[in-house]
Each structure stands twice: as structure tokens, then as C-alpha cells.
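Trainee: Here you go, one structure.
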Amino acid sequence: MLSIVDIRSSFDQSSAWTSYNDPTYGVQIAYPRSWQLEIGQVVDVPGDYLTSIAGIYPIIESNDEDTVAVYVEVGIDNSVQLINIEQYLDDVINSYMSEDSGFEDVKIIERDTTKSTISGEKAYRLVFTYQDDGQERKVFETGAIHKGQPQSYNAEEDLFSKYLSIAEYMAKTLRINK
């Protein structure tokens, strides 16, 4: 799922990174020191099944103050039941594609349940696009059934590739300690 080629050529993994530790949920993730960290509900998720632990994003100048062009969200999926990772991914995709999801014109680009782990648990990888107020956005999401911990990377289509290797590295550092 997180097949990261040599991302050191894209950015320096060691010098400009810090980590966020949430003692309540036992979640730890590394992120670039220059990025903004917001703790708690960052994105209003329809159905309120996702508890947002943290949102992390780079400071990018934009004409639209209400839109974050690129962000990484770490949360807990409260709807997870004891199912296998393939069924979990199917449920995640179905939730995004449902009419009441708030996501318009969802197109799945990539889905995989065989190549990644989060804290030793099998994880899924999902890449899709959707429309948000006329702006196409692209999402890289990874999640595991262990306490239902998803992490998603969401960006405007034209910025997605620029920050993807950082989001993938962040996903690789995600740890669940409870």
C-alpha cells in the first residue's frame, strides 16, 4: 500500500520534522515542522462517524481563506466492526460514493489491501478524486482496522503530486500505541 520509492530525494526526512503524540487515542505521527497542526475536529464529516484527532497542513497562500489546499487528517473511524481489511475498504469506498456523503463525482483511481501496514496491522490504500464546489480534489487515504485508525491526504488536484511523498512518509510514521 505505501510503496515509497526513495523519497529522500524529494525532502529531508530528518532535519525539519517533529511529531505529534495524542495520549488520549495513543496516536503518534511525524510531520514537517513548517506545517500547521490543528488538534480536534478539522473537517466536518457527514454522518459524524469519524473522530478527527488532528489535521496537519502546509501554509500555502490562497485567495480563498476558507479552503485548505492540502491537508493530512488523522482520525478514528467509530463505525468499524470486526471485519477483514478488504471488507473495510469496500465499506469506506461505499461511504464516499453514497449520495449523502458530501462527496460529489467520486472516481476511484487506486485501491489496495496487500502492501501496507499501520502499527503492524494490515492496512488499505485508497486514491480517488471528487468535486468540491467546482474544484477537483484528490485524496490518498490509508487505514487499518486496529481501532479503526484512518489517515487521509487530501489536496487540490494540481498540488496532489507535490506533497504526496510527504503524506506517504507521514503515513509510514503513523503509530497506534493503544
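Trainee: Those residues that are surrounded by fewer than 18 Cβ atoms within 10 Å (Cβ to Cβ), farther than 16 Å from residue 168 by Cα and small (Gly, Ala, Ser), I need them from region 88-132; list them, please.
Mentor: Once the filter is applied, which keeps residues that are surrounded by fewer than 18 Cβ atoms within 10 Å (Cβ to Cβ), farther than 16 Å from residue 168 by Cα and small (Gly, Ala, Ser), region 88-132 yields 98, 101, 102, 120.
Trainee: Mind checking which strands (runs of 3 or more DSSP E) fall wholly inside region 101-146 and carry at least 3 residues that are over 16 Å from residue 73 (Cβ atoms)?
Mentor: Once the strands (runs of 3 or more DSSP E) in region 101-146 are filtered for at least 3 residues that are over 16 Å from residue 73 (Cβ atoms), what remains is 104-118, 121-132.
Trainee: For region 120-167, name all the residues that are modelled with pLDDT of 85 or more and out of contact with any strand residue (DSSP E or B) (no Cβ under 7 Å at 6 or more places or on another chain).
Mentor: Once the filter is applied, which keeps residues that are modelled with pLDDT of 85 or more and out of contact with any strand residue (DSSP E or B) (no Cβ under 7 Å at 6 or more places or on another chain), region 120-167 yields 161, 162, 165.
Trainee: While we're here: Taking residue 93 as meeting all but one of (1) part of a helix (DSSP H, G or I); (2) at pLDDT below 85, write down the number of the exception.
Mentor: (2)
Trainee: Pick from 66, 77: which is at pLDDT below 80, surrounded by 11 or more Cβ atoms within 10 Å (Cβ to Cβ) and over 20 Å from residue 129 (Cβ atoms)?
Mentor: Among 66, 77, only 77 is at pLDDT below 80, surrounded by 11 or more Cβ atoms within 10 Å (Cβ to Cβ) and over 20 Å from residue 129 (Cβ atoms).
The values are calculated or read from the model by the stated rules, or taken from the named source; none is laboratory data. These numbers come from a predicted model, not from an experiment. All Cβ positions, glycine included, derive from the backbone under ideal geometry; neighbour counts span all protein chains shown.
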